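The values are calculated or read from the model by the stated rules, or taken from the named source; none is laboratory data. This one's a predicted model, so the numbers in the text were calculated from it and none came from an experiment. Note that we place each Cβ from the backbone using ideal geometry, even for glycine, and neighbour counts take in every protein chain shown.
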């Protein structure tokens, strides 16, 4: 196996080149089958089943019993591939499935997600990734525990990590369940368990190594799946094949149409989980709106720089310089999808609203719209509803109800693209949700097995036992996440934003100051983690139970409460207690220069 | 060791200054431009309202370039002080 692994690292361009070619051949094969009359349902099943099988095979081939390979993929992942793996790790079901939908429904303020989830990488690169790589840790609590010293600091970091990542992973399993349910035509409750089995196949046997190589494969699928319908749709609407620089006309046209379709008129009916379009595409002005953008953007950026499943990807590179380079690649690969999302939202909106386009439904006779295949398909699974509230026989904007999550998945059908594209998009969405769930489950299980079990409970455990414990934890956490996801507590985007807020409330300042402030000590870090996290979580509880909002900070932005509390308490407590010992200060100096070996031993 | 310490301090001072400059530029694209999106919309940019363009696409492009530039410059600083890895 070591032999094959060595060959894999040397032959990556060839292996993934063949894989990409194979996937494209598969898409062509599907379109041929489709034109031969194979049903849409069968095509959807084939897409999902084929891709899951590929991931499972990669997971099986990457199995390992070595600590280094299991925790940090042997620290031999080249920067470009680590960039792709991080991009897949990062772009969750929320980015793929819900982001464009959020922009479609939320307009300007929701673009804070787009800016926040990319701009956060500037923070990761400038403040953390190279230094954490130099440190040579296995997990993020490993850094906190060693930098500040003591099991209590380590334990606090583990708790914040588990809460943030667990919130996030339930949203991913929810997303994979939604997609599997639609593509395989099974109930949602079964869909999430199918998703979980697929996720565990990618991560259980090979840990970080298997997750890395499946994530690269998943990135390729998801980016092809995201870009294809946008390019197609844009071409049909006359904005060229790269619409990102040319869809300005669509923005202006929507602004023209908004008053004509009575945007903002309240719906007279309501359906659980479904929304009508009420927000204009563009900023309407005012400090409150700008403040909402700013607060959301700041939380998402700081959260990006504190989420352990992302930071731990940079532990897998061969060097500090490669870690930096791989952040640059990560952002580039992420950027390809994120700067397409607003474009997709705009083009989709235009084709539903603009009466000059054949795909328009708003303002058209109600009976004709209700009879469209895609309206019927999505209505059947309860994710869409048209209802002629005012009985005038015409579909109005406030009579078209849709679940925001489905904008991306339904777009190919709305645009009248062949069903093959819908199958492709389902496979892409599944890849996005699975890859993120993998990374998160591994982050949680590794923190519990390495930091809690090995470092705190049984430091004498041999590597075999440690790896068995890590795997058992992985399964237990996966099952627990599935059980919670089946309750469907909140929309995909909502739960994801919470994860970022939890992470930045508790971890952002202790991580940053650990590198950038030599004086920062254990007492301060513990106070920062505990107070920030408790303040943020407490505020969330307050808001969710009907408490009045402070400074218009709602449940999506509670990091804005947690972070300042964390910073102030951390600085105050640090200054009130003695500075860290000379050994720790020397360690911080060492972290700041790339040269010399890692701080922690290769295997620890 | 004194010389090395001095070198380290210079290396860190340069690294820190670079980081500060990068973060200032970052803040402009992350916060200042989006905050003023509505006002910027009265201007046109390649057919888009300018404020919309920056929040939807422009700032993202800036972030990608910003990281690339920072890494280039940081590598140069590391080389200058002999702090690069073997």
Of the residues A:499, A:520, A:503, A:527, only one is part of a loop (DSSP other than H, G, I, E, B) and either in contact with a strand residue (DSSP E or B) (Cβ under 7 Å, 6 or more places away or on another chain) or buried (at least 21 other Cβ atoms within 10 Å of the Cβ) (or both); which?
A:520
Would you confirm, using the coordinates I've provided, whether residue A:87 is surrounded by 24 or more Cβ atoms within 10 Å (Cβ to Cβ), within 14 Å of chain B (Cβ to nearest Cβ) and farther than 13 Å from residue A:315 by Cα?
yes
Could you go through segment B:49-67 and let me know if any residue there is facing another protein chain (nearest Cβ under 8 Å) and outside any helix (DSSP H, G or I).
yes
Would you be able to tell me the number of residues in segment A:12-44 that are surrounded by 15 or more Cβ atoms within 10 Å (Cβ to Cβ) and under 24 Å from the mean Cα position of the chain (by Cα)?
4
From A:247, A:314, residue being farther than 19 Å from residue A:404 by Cα, at pLDDT 85 or above, within 14 Å of chain B (Cβ to nearest Cβ) and crowded, with 24+ Cβ neighbours inside 10 Å
A:314
One residue from A:113, A:105 being away from chain B (no Cβ under 14 Å) and either more than 19 Å from the chain's Cα centre (by Cα) or within 26 Å of residue A:291 (Cα to Cα) (or both):
A:105
On the basis of being over 22 Å from the mean Cα position of the chain (by Cα), more than 9 Å from chain A (Cβ to nearest Cβ), surrounded by 14 or more Cβ atoms within 10 Å (Cβ to Cβ) and assigned to a helix (DSSP H, G or I), does residue B:7 make the cut?
yes
Got at least one residue in segment A:516-529 being under 18 Å from residue A:167 (Cβ atoms) and modelled with pLDDT of 90 or more?
yes
Quick one: residue B:70 ticks every box in (1) more than 7 Å from chain A (Cβ to nearest Cβ); (2) modelled with pLDDT of 90 or more; (3) touching a helix residue (DSSP H, G or I) at 6+ places or on another chain (Cβ under 6 Å) bar one, so which box is it?
(1)
Looking at segment A:552-587 only, could you name the residues that are more than 31 Å from the chain's Cα centre (by Cα), within 14 Å of chain B (Cβ to nearest Cβ) and surrounded by 14 or more Cβ atoms within 10 Å (Cβ to Cβ)?
A:587
Looking at (1) in a helix (DSSP H, G or I); (2) over 26 Å from residue A:78 (Cβ atoms); (3) within 13 Å of chain B (Cβ to nearest Cβ), which is the one condition that is false for residue A:352?
(3)
Scan A:337, A:357 and give me the residue that is touching a residue at least 40 places away in the same chain (Cβ under 8 Å), more than 9 Å from every other protein chain (Cβ to nearest Cβ), under 22 Å from residue A:249 (Cα atoms) and buried (at least 22 other Cβ atoms within 10 Å of the Cβ).
A:337
Name the residue, out of A:273, A:264, that is more than 7 Å from chain B (Cβ to nearest Cβ), more than 28 Å from residue B:47 (Cβ to Cβ) and not in a helix (DSSP H, G or I).
A:273
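For (1) farther than 30 Å from residue A:513 by Cα; (2) within 14 Å of chain B (Cβ to nearest Cβ), each residue gets a yes or a no:
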{"residue": "A:119", "(1), (2)": "no, yes"}
{"residue": "A:142", "(1), (2)": "no, no"}
{"residue": "A:168", "(1), (2)": "no, no"}
{"residue": "A:189", "(1), (2)": "yes, no"}
A careful count of residues in segment A:449-484 that are over 22 Å from residue A:495 (Cα atoms) and buried (at least 24 other Cβ atoms within 10 Å of the Cβ) gives 3
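Quick one: which residue in A:59, A:44, A:120 is modelled with pLDDT of 90 or more and in contact with a helix residue (DSSP H, G or I) (Cβ under 8 Å, 6 or more places away or on another chain)? Steps first, please.
Numbers: A:59 fails: modelled with pLDDT of 90 or more; A:44 fails: modelled with pLDDT of 90 or more.
After ruling out the rest, the residue left standing is A:120.
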Subset of segment A:272-286 [at pLDDT 80 or above and over 23 Å from residue A:112 (Cβ atoms)]:
A:274
Conditions (1) touching a residue at least 12 places away in the same chain (Cβ under 8 Å); (2) surrounded by fewer than 24 Cβ atoms within 10 Å (Cβ to Cβ); (3) more than 19 Å from residue A:217 (Cα to Cα): number failed by residue A:103:
(2)
